[in-house]
Amino acid sequence: MSGEKILVIDDDTNILEVIQMRLQSWGYYVTVAKDGREAMAELSTASFHLAIIDLRLSDEDGIELMEEIIRCHPDLPIIILTAHGSIGSAVEAMRKGAYSYITKPFNNEDLAFHIENALEKQYVTREIQHLRRQLDEKNGFQQIIAKDREMQKVLEQVSGVAKTGCNVAIYGESGTGKELIARVIHFNSNRSKGPFLVANFSVIPPDLQEEELFGCVRGIRAGAKGRTEGLFLQADQGTIFLDEIGNISPSLQIKLLRVLQEGVIRPVGSAKSVKVDVRVVLASTINLEKAVNQGTFRRDLFYKVHVAPMYVPPLRERRDDIPLLATYFLKRFSAVLKKDITGFTPAAIQRMILYDWPGNVGELQNKIEHAVIIANKNVIATEDVFAGASTLKNTFNSYKDAKERFEREYLENLLKINKGNVSTAAKMANRYRADIYKLIKKYHIDPENYKSNLSSARDVPNDNDYFRRR
């Protein structure tokens, strides 16, 4: 990824010269600074893709400088340079926002590896920001709140598949926002100027599904009125979103497969086929692979639509996003209802975070709307959001569940910091390696997944990722 601009900050002139020569020989544009003042001056006049900071500057603390840079440039990845004796401080720097650290003396391979990984992260961040800007400008989709790591991965996948034109399968529970993700894919694809149409097979009667998709000859059905064009013909040059695809009949599955293979439809009652050019994005709350094994979903259709699968996690698996989503809905409904409501009580935020949200984002949206309607103060309280007693039954997780959640998150962060090295992870945790291996086995975690942070936004997940998660 040559051509990127890198800022190097070190008070040792010799180290600056060595790093500058190495990076320039690899094709990067390099700017050097001897202290924080010079660094901030450079950052104020030019944009950079990466900063490399020495942990021990002569007149200032490298971590404090790093924190100042992050405050001003939160999306700029930072690599810390440190001596072997200061690894603990480097780990602290990572907790405060550094991307990674390199111990001195370092070799070319190690330096290149860390830089490539950090620039890859910066590239993904830029892509997501570009995606969000497009969404805000075109569709006002600010409600795609993605602070949570799993939702960040979803947006990375969206960025990767949007312009490919391939069929996309979106999995997740009801209310997780699968249709919204489908709209994002469409409006960031080469078909964005074409139509985006939705067919929800959970609400379309089975005897009308074929007519809804492919249309019918006028008068073929007694009492038929209105349009005769099906959704596929209306969506020509655009995208059609097939929600709850697992609910279509076996006969319709055959006809849908023909559309995907040959690009033609045949309206009900017609002897003529019609050419269409439509991208298909589908969604399902059921395990389609299991449906294939049970004989209720065609295997050839499954492989045709399962080209780029992605999984939208339920709200209970992305609790960091709950306060952000709640605040977004609060602002939106307060504006619509012309109410001056400034926020939530701390108790209301805590209750929302602890609640498991079986209806996911849709349920949260409905509860916030209701809370805004009934609120008679400028702050939303717990009883405004959770007006019914039934919602309080699921407030707290058991001690066992809370402990296991902490163990898993701790282990994942530990392996991430140590790049999947179990030995160094055990030392950092002050535990025996056997203890770490027991946790790895308990939570089915593969340390190999943490040995490289190179996860391109263009990557498409393995077909079975969704089903392993379920």
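The values are calculated or read from the model by the stated rules, or taken from the named source; none is laboratory data. As the structure is a computational prediction, the values presented were derived from the model and not from experiment. With ideal geometry, Cβ positions are generated from the backbone for all residues, glycine too; neighbour counts draw on all protein chains shown. Each accessible area value is taken on the protein alone, full model and side chains, heavy atoms only, with ligands, DNA and RNA left out. Shrake-Rupley method; radii C 1.70, N 1.55, O 1.52, S 1.80 Å.
Looking only at residues that are hydroxyl-bearing (Ser, Thr, Tyr), open to solvent by 50 Å² or more (accessible area, probe 1.4 Å) and part of a helix (DSSP H, G or I) in region 408-454, which one is nearest to Ile87 (Cα to Cα)? Top of the filtered list is Thr424.
Yes/no matrix, rows are residues, columns are (1) in contact (Cβ under 8 Å) with a residue 12 or more places away in the chain; (2) among the charged types (D, E, K, R):
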site	(1), (2)
Ser25	no, no
Asp35	yes, yes
Ala51	yes, no
Gly62	yes, no
Ile69	yes, no
Ala90	yes, no
Ser100	yes, no
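Counting only helices (runs of 4 or more DSSP H) wholly contained in region 27-113, no element carries 1 or more residues that are open to solvent by less than 10 Å² (accessible area, probe 1.4 Å) and in contact with a Pro (Cβ under 7 Å, 6 or more places away or on another chain).
Of all residues in region 257-270, those that are within 13 Å of Gly215 (Cα to Cα) have Cβ atoms under 6 Å from Cβ atoms of residues that are open to solvent by less than 20 Å² (accessible area, probe 1.4 Å) and in a helix (DSSP H, G or I), 6 or more apart or on another chain, in Ile265/Phe214; Ile265/Phe232; Ile265/Val259; Pro267/Phe214.
Note on region 338-360: among residues that are assigned to a helix (DSSP H, G or I) and in contact with a helix residue (DSSP H, G or I) (Cβ under 6 Å, 6 or more places away or on another chain), the one that is nearest to Met151 (Cα to Cα) is Asn360.
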